[in-house]
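The values are calculated or read from the model by the stated rules, or taken from the named source; none is laboratory data. What you see is a predicted model, and the numbers here were worked out from it, not measured in a lab. Here the Cβ is made from the backbone with ideal geometry for all residues, glycine too, and neighbour counts use every protein chain on show. In case anyone asks, the SASA skips ligands and DNA or RNA and just uses the protein heavy atoms, side chains included. Shrake-Rupley method; radii C 1.70, N 1.55, O 1.52, S 1.80 Å.
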Amino acid sequence: MLSRFYSYITARDLQNEMRGLSNYLLSCCVNTLLQTLSATWELSGLLERWDSAGVRADSHNVPLELKKVLSAMKSDHRHNTPHRDFLNCLDRNNFRLCVQHDADEVFLSILNFMQQQMDDKALALEIQKLYKVSVETRLQCLECSCIQTQTSFQLSLHLHVKEDHNSLEGCISSFLEDQELRGRDCCFCAQCERKTPSKRDVKLLSLPRILCMHLKRYRSSRGGIRKLDCRVTFPETFDFSEIARGGFSRDFAQVSWERVQGTYGKYYGGTAYMLMYRRSSKEEGRQPEFSG
Ligand SMILES: [Zn+2]
């Protein structure tokens with residue numbers, strides 16, 4: 001199996017210093033995402049290639065406003081609210097900032113707006129490809145043994161978080177583990193012509209340049225939503241193929257990394273909901289398979 005190294009995207013990836021962004025209504029989640037997107041030079045590079053001259057300047061175009069804000073965050077350091085037009089643009093597209101959003105929801109909505117609103121469809125697909133994970137899901141009916149295979153893609157991996165202590169490596173391993181689906185999780189079997197218990201296994205067919213992982217810290221409980229503030233540790237650098245094999249990865253401690261560790265949760269101030277990692281450039285072009 002080929003190795004696949006990923007590094008956590010931090011402010012160190014910015015060529016310029018990190019920009020503080022003022023909070024408007026409940027925009028803190030969008031602000032945090034903007035910081036991560038501005039550290040993703042691959043995305044800014046693609047947006048800069050976009051010839052947006054033909055786009056109607058009516059401030060409704062999310063990718064156009066994103067292009068502007070990412071550029072302003074890099075260059076104009078006197079302007080302390082470079083993101084205000086972008087926030088207003090989201091609002092005009094019915095993405096309300098008076099409502100609390102999940103980081104993953106904001107991220108997927110922005111990617112969705114790019115697909116809908118960019119006139120250069122080839123470039124919009126290139127942006128999507130930056131984050132695209134190809135997934136093969138195999139469902140085996142436990143009554144007739146019939147197998148259904150489905151290939152799909154995801155723009156972020158949705159990782160289940162346990163009630164107690166977690167590590168990102170553990171969350172990924174659980175995601176890849178075979179699961180038995182019973183009770184209300186039963187799936188429709190075409191051969192049995194009804195919902196039956198089944199075994200599900202997930203295989204990752206390809207991993208993207210930027211790997212986004214969403215930690216599912218909210219859980220439905222007695223008709224409401226409960227937040228899991230348990231600790232989830234995550235490494236600065238990891239080898240995906242080692243995790244897929246069930247091994248644990250090396251952790252390179254650095255001073256700035258200690259600050260990032262403050263978002264593990266529980267015993268520290270913040271809690272991370274979404275993690276973005278960049279694939280090491282020497283790994284480009286390889287397409288391994290990972291499964292449980
Ligand atoms: Zn069956």
Out of GLY265, GLY269, report the one residue that is among the small types (Gly, Ala, Ser), crowded, with 19+ Cβ neighbours inside 10 Å and at pLDDT below 75. GLY265
Single residue of segment 189-225 satisfying the filter (more than 16 Å from the ligand (Cβ to nearest atom), in contact with a strand residue (DSSP E or B) (Cβ under 7 Å, 6 or more places away or on another chain) and free of Cβ contacts under 8 Å to residues at least 40 places away in the same chain) that is least open to solvent (accessible area, probe 1.4 Å): ARG219
Could you tell me whether segment 174-188 includes any residue that is more than 14 Å from the ligand (Cβ to nearest atom), of a type in the set (S, T, N, Q) and open to solvent by 70 Å² or more (accessible area, probe 1.4 Å)? yes
Qualifying residues in segment 17-53 (those that are open to solvent by 70 Å² or more (accessible area, probe 1.4 Å) and assigned to a loop (DSSP other than H, G, I, E, B)) - the one modelled with the highest pLDDT: ASP51
Test set (1) within 16 Å of the ligand (Cβ to nearest atom); (2) in contact (Cβ under 8 Å) with a residue 24 or more places away in the chain; (3) surrounded by fewer than 17 Cβ atoms within 10 Å (Cβ to Cβ) - ARG92 fails condition number: (1)
Would you check which residues across segment 117-136 are farther than 13 Å from LEU46 by Cβ, in contact with a strand residue (DSSP E or B) (Cβ under 6 Å, 6 or more places away or on another chain) and not hydrophobic (A, V, I, L, M, F, W, C) and list them? LYS132, SER134, GLU136
Looking at segment 178-211, which of the residues that are part of a loop (DSSP other than H, G, I, E, B) and of a type in the set (Lys, Arg) is farthest from PHE240 (Cα to Cα)? ARG182
Given the structure, is PHE113 open to solvent by 70 Å² or more (accessible area, probe 1.4 Å) and away from the ligand (no atom under 16 Å from the Cβ)? no
Evaluation of SER241 against (1) touching a strand residue (DSSP E or B) at 6+ places or on another chain (Cβ under 6 Å); (2) surrounded by 15 or more Cβ atoms within 10 Å (Cβ to Cβ); (3) not hydrophobic (A, V, I, L, M, F, W, C) (one fails), failing number: (1)
Could you check segment 137-160 and list, in sequence order, the residues that are closer than 30 Å to CYS230 by Cβ and among the acidic types (Asp, Glu)? none
Is it the case that segment 120-128 has a residue that's away from the ligand (no atom under 16 Å from the Cβ), over 22 Å from LEU64 (Cα atoms) and either without any contact (Cβ under 8 Å) to a residue 40 or more places away in the chain or open to solvent by less than 30 Å² (accessible area, probe 1.4 Å) (or both)? no
Tally up the residues in segment 129-149 that are open to solvent by less than 50 Å² (accessible area, probe 1.4 Å), within 10 Å of the ligand (Cβ to nearest atom) and among the aliphatic types (A, V, I, L, M), please. 1
Within segment 152-172, can one find any residue that is within 16 Å of the ligand (Cβ to nearest atom) and within 30 Å of PHE238 (Cα to Cα)? no
